[in-house]
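The values are calculated or read from the model by the stated rules, or taken from the named source; none is laboratory data. What you see is a predicted model, and the numbers here were worked out from it, not measured in a lab. Because the Cβ atoms are built from the backbone with ideal geometry, glycine has one as well, and the counts that use them run over all protein chains shown.
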Amino acid sequence: MSWEKELSELRAREALAEQMGGEEKVARQHARGKMDARARLAALVDDGSFREIGKIAGSGRYNDEGKLEGLTPAPFLFGKARIEGRPVVASADDFTIRGGAGDASIYRKMSQCEKMAHDLRLPLIRMIDGTGGGGSVKMLEQIGATYVPMVPDWSDVVSNLDTVPVVALALGPTAGLGAARIVASHYSVMVKGLSQLFAAGPAVVEALGEASDKESLGGSEIHTRNGVVDDEVASEAEAFAAARRFLSYLPGHVGALAERTACSDPVDRREEALLNLVPREDKQVYSMRRALDMVFDRGSIFEMGRLWGRAAITAFARLDGWPVAVLASDPSFLGGSWEAKTAEKVERFVNLADRFRLPIVHLVDNPGFMIGRAAEEAGTIRYGVDAMNAIYRAQVPLASVIIRRAYGIAGSAMSNGDRYQYRFAWPSGDWGSLPIAGGLEVAYKSELEAAEDSAAHLAAIRERLSRVTSPFRSAERYSVEDIIDPRDTRPLLCEFAESAWRVLEGR
């Protein structure tokens, strides 16, 4: 006895599912410059590796004889796939079906997708377009009643944040639950001009008397600069590439170790340009990103969150093939001072590195927390202390290199001072509880008032203190461990990376 009849029905149902919202709605999706859900999945993962789960789930339409006449697929696709040969769970909202709104089967599919990533310890990629499983007003009429709000199985989303790498790509207008699913990730991306994110869209906001459109209310220019979303890219293809690159630095799950890659960049490479990178004039800036390019394996820098919290650079990189998390000051923004958003960014990044067991390299040029009325109103000190607490809680090995300034509480957040200090300083190092230049008039007020020539006396005080503040005086007292030739930074950090990974592998 054969089951060909049933297999024919299965193939017919699969063919209906592949039509998504129908030819007209798929064409409309493409006309907006957007790929459809199935094309997105194919473009994200390794060729031919996607195995869909729950493909024929949806709402069937039957005639009086009970024969299937049509199928509206669930507006959510997921399955197992591979990215660069590594297994992942990949999902995509289908905007061609009622704008991606939820229906009776989507919650079960979405929940199973999250559970699969958690239980099988596989990285998860969400491609979100629309309400992302949220409800719709029309759905309430179909149900025949309203309901007290809840998100079914949201605990699965929370659990995944503690278990596996989670990437969220916003690939269209996203509101409500869709927006929440983007934020509940370790790495998120918006496509400029294509993606928007909001708690409620313009039509709802307009009822409050606030006129707006999707872009002005929740475009990438807003959310990649306020810290809601990590990065902004120019196309869907760039979003897929960013997701793949992010995952390449992380292990498959918490408790596993990230992979070392082959490296042709010499460990003993010494860049002459490092010797002249930091200007002698303390108010002049320089490019910290240029330093990163010269120190880490060539082409290995992957920065995240570049457009927000800009006084700190957060990136992944490699040292002799070993993956590391990189935290670095950016003196070209606020002189490198940590304001509230920068401190928030640092805390989040350090927690991410610690969760996935990546050693941290911190390149320091931090003149302290941002000061002034605006900084106080923003609660800078609270966010700053939270960032310092994250560094002190982190259990992964950390190496710091003091490039120039390290002042106050923010400067002391370069590393956990209660642990062994794997720390180096360049001869350009300048540190203390506060910048001397800004405190001389206060500290020597009475002496300056009594001097016949206060300006000359102030200059003499500066000259005396310049000798005291020499980094070599600190090295005499072992307040700093090693002052190094800047050209030796790469070889020494490669040594750190090897030692750090030996410790992590031993654990």
- Spot the failing condition for Ile56; the list is (1) touching a residue at least 24 places away in the same chain (Cβ under 8 Å); (2) surrounded by 14 or more Cβ atoms within 10 Å (Cβ to Cβ); (3) hydrophobic (A, V, I, L, M, F, W, C); (4) assigned to a helix (DSSP H, G or I), and only one is missed. (4)
- So, in the stretch 471-480, of the ones that are over 32 Å from the mean Cα position of the chain (by Cα) and surrounded by 15 or more Cβ atoms within 10 Å (Cβ to Cβ), which residue ends up nearest to Met288 (Cα to Cα)? Pro471
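Out of the residues in the stretch 119-151 meeting the condition of being surrounded by fewer than 20 Cβ atoms within 10 Å (Cβ to Cβ) and modelled with pLDDT of 80 or more, tell me which one is farthest from Pro87 (Cα to Cα).
Initial filter on the stretch 119-151 (surrounded by fewer than 20 Cβ atoms within 10 Å (Cβ to Cβ)): 119-121, 135-151.
Within this subset, residues satisfying the condition of being modelled with pLDDT of 80 or more are 119-121, 151.
Numbers: Asp119: 13, Leu120: 10, Arg121: 10, Val151: 28 Å.
By that ranking, first place goes to Val151.
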- Item | Where Gln395 falls short, out of the listed (1) surrounded by 19 or more Cβ atoms within 10 Å (Cβ to Cβ); (2) out of contact with any Gly (no Cβ under 7 Å at 6 or more places or on another chain) | (1)
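What do you reckon, is Gly33 surrounded by 15 or more Cβ atoms within 10 Å (Cβ to Cβ), on the phi > 0 side of the Ramachandran plot and either touching a residue at least 40 places away in the same chain (Cβ under 8 Å) or not assigned by TED's automatic domain parsing to the domain that holds Asp153 (or both)? Full working, then the answer.
Working: surrounded by 15 or more Cβ atoms within 10 Å (Cβ to Cβ): no; on the phi > 0 side of the Ramachandran plot: yes; either touching a residue at least 40 places away in the same chain (Cβ under 8 Å) or not assigned by TED's automatic domain parsing to the domain that holds Asp153 (or both): yes.
So Gly33 fails the test.
Would you check if Pro173 is surrounded by 16 or more Cβ atoms within 10 Å (Cβ to Cβ), in contact (Cβ under 8 Å) with a residue 24 or more places away in the chain, outside the structural domain of Val346 (by TED's automatic domain parsing) and farther than 30 Å from Asp354 by Cβ? I'd like the intermediate steps shown before the answer.
Numbers: surrounded by 16 or more Cβ atoms within 10 Å (Cβ to Cβ): yes; in contact (Cβ under 8 Å) with a residue 24 or more places away in the chain: yes; outside the structural domain of Val346 (by TED's automatic domain parsing): yes; farther than 30 Å from Asp354 by Cβ: yes.
The answer is yes for Pro173.
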- Do you know which of the residues in the stretch 192-226 that are surrounded by fewer than 21 Cβ atoms within 10 Å (Cβ to Cβ) and within 15 Å of Leu169 (Cα to Cα) is farthest from the chain's Cα centre (by Cα)? Gly193
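Is it fair to say Leu71 is part of a strand (DSSP E or B) and within 21 Å of Val191 (Cβ to Cβ)?
Numbers: part of a strand (DSSP E or B): yes; within 21 Å of Val191 (Cβ to Cβ): no.
Criteria not met by Leu71.
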- When the stretch 282-307 is checked residue by residue, the ones that are buried (at least 19 other Cβ atoms within 10 Å of the Cβ) and either small (Gly, Ala, Ser) or closer than 27 Å to Ala378 by Cα (or both) are Met288, Ala291, Ser300, Met304, Gly305
- Query: Applying the selection to the stretch 295-313, what residues are part of a strand (DSSP E or B) and in contact with a strand residue (DSSP E or B) (Cβ under 6 Å, 6 or more places away or on another chain)?
  - Reply: Phe302, Glu303, Ile313
- Message: Every residue in the stretch 314-364 that is assigned to a helix (DSSP H, G or I) and of a type in the set (A, V, I, L, M), please.
- Response: Leu334, Ala340, Ala343, Val346, Val350, Leu352, Ala353
- Task: Check Gly255 against each of (1) on the phi < 0 side of the Ramachandran plot; (2) not assigned by TED's automatic domain parsing to the domain that holds Ala497 and name the one condition it does not meet.
- Result: (1)
- Task: Collect the residues in the stretch 337-378 that are over 23 Å from Asp293 (Cα atoms) and of a type in the set (Asp, Glu), keeping them in residue-number order.
- Result: Glu339, Glu344, Glu347, Asp354, Glu376, Glu377
